[in-house]
Amino acid sequence: MVYRFSYKPYCRSLRAPLRTAHGLWTEREGLVVRLEDEAGEVGFGEIAPLSWFGTETLVQAEEVCRKFGDRAGDALLDEVPEKFGCVRFALAQARVQDKKRPEAAVHRLPVAALLPAGRDALPLMRQKIEAGFLAFKWKVGVGDINDELGLLDDLLSTLPGHARLRLDANGAWTRRQAERWLTRCAERPVEFVEQPVAPADENTLLGLAGDYPVKLALDESVVRLADARRWQGLGWPGVFVVKPSLAGPLTELAEWILATKADVVISSAIETALGRSAVLRAALSQPLTTRALGFGTGEIFGERLWDGPIIGPLADASCIAEQAGEGIWNALTTSGN
């Protein structure tokens, strides 16, 4: 199959900047790709790289798109190297959109609410508990460790008895700091601690996973599917937090999870409604995980076109924006940004 190929860049400000151990995140940049087949059927995909997280850069992604020209066949699209996981995700998404699919969702999954770093986490947690959320993800490794450990106690004392808290350090801790946190978390309602130390410190990650009863999770360490496969080969005993829009084609990710029974959390990379809807469709239509989805990010862009449907404590078919690609493409065509 040969497609007419085109793409457009986007840049959207975040309604409220996100503060993590990587720094302050204020805007989302990416590309929307469009494929039109010989019958005139059109599909869209989103390239949403996070180079500081370990993906290809936006410049590199655009170079790949530019090389396609205005026409590209399946063989050429399939030749994109594995290191361009975000590009491969988008191209696969755009190609499957012109094929008949089964029902978008067959079940519902819980959603984890994202809490900001620092003291703002506590009032937001209370609001989210009232809204029905039972899983929470809190960004740590940002402020003073003593202040954060004190706030941990406050957050845990606020949790209902059946709720769980996830901690995400984004690789910011030293081994000594990680040991201090894991000691504090033992025997408490912490679902897992995500990426306690830097991805390069593999021996420490494996050592901590074996030395403490608190479950650990990998995030920055498993940006691409190949990374997750390698860690699985090393005998990783914890969770894989996978951001599918960074990892590569959804079908390849799903095949790995289903074949190996990997313990996976399906998580957002703060993509737009276009990429998010593809990920949610895959997660809700296949038994990829029983853990709460990492899509409780709220209205990131403050515009329904870009955010898609509001996601509450349970995700189902109503969370999928079926026409997101066409709407976003038309908006970019009109506005030029």
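No value in this document is a laboratory result; all are computed from the given coordinates. What you are looking at is a predicted structure, and each value in this text was computed from that prediction instead of being measured. No Cβ is skipped: glycine too gets one built from the backbone with ideal geometry, and neighbour counts run over all protein chains shown.
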Under 20 Å between alpha carbons - lysine pairs in the chain that sit 8 or more apart or on different chains: 12
Whole-Hz ³J(HN,Hα) from phi, Karplus 6.51 cos²θ - 1.76 cosθ + 1.60, for the range 136-153, glycine and proline x: 9, 10, 10, 7, 10, x, 9, x, 5, 4, 5, 5, 5, 5, x, 5, 4, 4
Residues whose placed amide H lies under 5 Å from that of Ala16, excluding near-sequence neighbours: none
From phi via Karplus (6.51, -1.76, 1.60), per-residue ³J(HN,Hα) for the range 223-236 in Hz, x at Gly/Pro: 5, 10, 4, 4, 5, 5, 4, 5, 5, 5, x, 7, x, 4
Three-way shape label, the range 114-210, alpha-carbon gyration tensor, a/c 1.5: prolate
Label selected from (1) 20.5, 77; (2) 30.5, 107; (3) 19.7, 62, the criterion being Rg and Dmax of the Cα atoms in Å as computed here: (3)
In the range 108-199, the GluC sites (Glu not before Pro) that fall in loop regions by DSSP, at most 12 other Cβ within 10 Å: Glu187
Residue-averaged 222 nm ellipticity for the chain, from DSSP H runs of 4+ at -39500 (n - 2.57), nearest 500: -11000 deg cm²/dmol
Shape category assigned to the range 264-332 from the gyration tensor of Cα positions, a/c cut at 1.5: prolate
For the range 152-197: span of alpha carbons on each principal axis (Å, largest first): 31, 16, 15
Estimated D of the range 211-337 in µm² per second, where Rh is the Kirkwood radius over Cα pairs and Stokes-Einstein applies at 20 °C, 1.002 mPa s: 137 µm²/s
